[in-house]
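So the structure is just underneath, and the comments pick up after that.
The values are calculated or read from the model by the stated rules, or taken from the named source; none is laboratory data. Just so you know, these numbers come straight off a predicted model, no measurement behind them. Ideal geometry is used to build each Cβ from the backbone, glycine not excepted, and the neighbour counts take in all protein chains shown. Accessible surface areas use protein heavy atoms only, side chains included; no ligands, DNA or RNA. Shrake-Rupley method; radii C 1.70, N 1.55, O 1.52, S 1.80 Å.
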Amino acid sequence: MTHTTCILIGAPVDSGKHRKGCLMGPDAYRIAGLPTALTDLGYRVVDMGNVVCVPDDTAQGPEHLVSLGVTVGWTRALADNGLSAFSDGIPIFLGGDHALSFGSGLAAARYAATQDRPLFVLWLDAHSDFHTPYTTQSGNLHGTPLAYLTGRDGFEAFEPNLTPVKDENVCILGLRSVDGAEKTTLQTSKVSYHDMREIDETGIVAPLNAFL
């Protein structure tokens with residue numbers, strides 16, 4: 001089935017790290033003309049507005065984690081909104097904090113489960129975001145979403161019924177900076193990953209550019 005509708009979901013998440021500054025992310029995309037650009041490409045665009053978060057004040061985890069309850073609240077809200085959107089078109093989550101990937105990824109995983117289909121993840125990032133709540137030294141949860149989505153330990157405060165994405169269905173493209181703990185976990189996983197030096201040497205970016 002070919003989807004012709006893009007569904008914009010505003011995710012003004014700003015809880016994934018100590019340093020703030022992502023609240024205006026969704027509106028920045030709108031002001032920059034994303035809806036018009038998608039329309040010009042032939043898509044029908046539906047803007048659902050910004051999602052509202054209800055923090056989970058009961059969420060528990062390592063004490064050094066930044067705004068755990070707020071991030072858990074965002075995860076639930078984005079997953080709920082995203083799941084319904086997947087049935088109607090192509091959801092596009094607008095934001096800036098990587099922690100929104102908890103919710104968008106959970107929505108995708110839930111939808112894939114309802115269709116009895118596997119979920120594949122292409123992670124375009126300079127960082128692997130493969131820390132867990134136990135390995136992150138900064139306490140910033142924006143560095144942990146991919147570990148959550150692949151079913152690593154330590155995310156008991158989040159959705160307990162997540163169907164994890166299989167390691168072999170994940171490809172991380174564009175790595176530049178990976179912490180020691182993340183590197184250890186990646187090397188013992190079946191996740192495919194490619195750093196920027198590899199991309200520069202093999203020219204893997206060239207065929208990707210053909211699709212832009």
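What is the diffusion coefficient of the chain in µm²/s, taking the Kirkwood radius over Cα pairs and the Stokes-Einstein relation at 37 °C with a viscosity of 0.692 mPa s? Rounded, D is 183 µm²/s.
In this structure the range 128-184 gives 44 Å² per residue of accessible area when probed at 1.4 Å with all protein chains present. Would you kindly calculate the mean projected area, averaged across all directions, of the convex hull enclosing the Cα atoms of the range 95-201, in square nanometres? In nm², the orientation-averaged hull projection of the range 95-201 is 7.0.
Reported value for the range 1-52: 96 Å³ per residue, from the convex hull of its C-alpha atoms. Helix content alone sets the calculated 222 nm mean residue ellipticity of the chain: runs of n ≥ 4 DSSP H residues at -39500 (n - 2.57) each, divided across all residues, give -10000 deg cm²/dmol.
Of the trypsin sites (Lys or Arg not before Pro) found in the range 1-98, those in coil by DSSP whose Cβ has at most 14 other Cβ atoms within 10 Å are R19, K20. Ranked by the mean number of other Cβ atoms within 10 Å of their residues, highest first, the peptides 131-144, 103-116 fall in the order 131-144, 103-116. With the simple model of a label 7 Å out from the Cα in the direction of the Cβ, I199 to T39 spans 3.2 nm. Among the trypsin sites (Lys or Arg not before Pro) found in the range 122-201, those both in a DSSP coil and sparsely packed, with 16 or fewer other Cβ atoms within 10 Å of their Cβ, are K166, R176, K190. When the Gaussian network model of the chain links Cα atoms closer than 10 Å, the mean-square fluctuations of L100, L65, L78 top out at L65. Comparing A77, S101, S67 along the charge dipole axis of the range 8-124, the residue lying farthest to the positive side is S101, per the Cβ-charge model.
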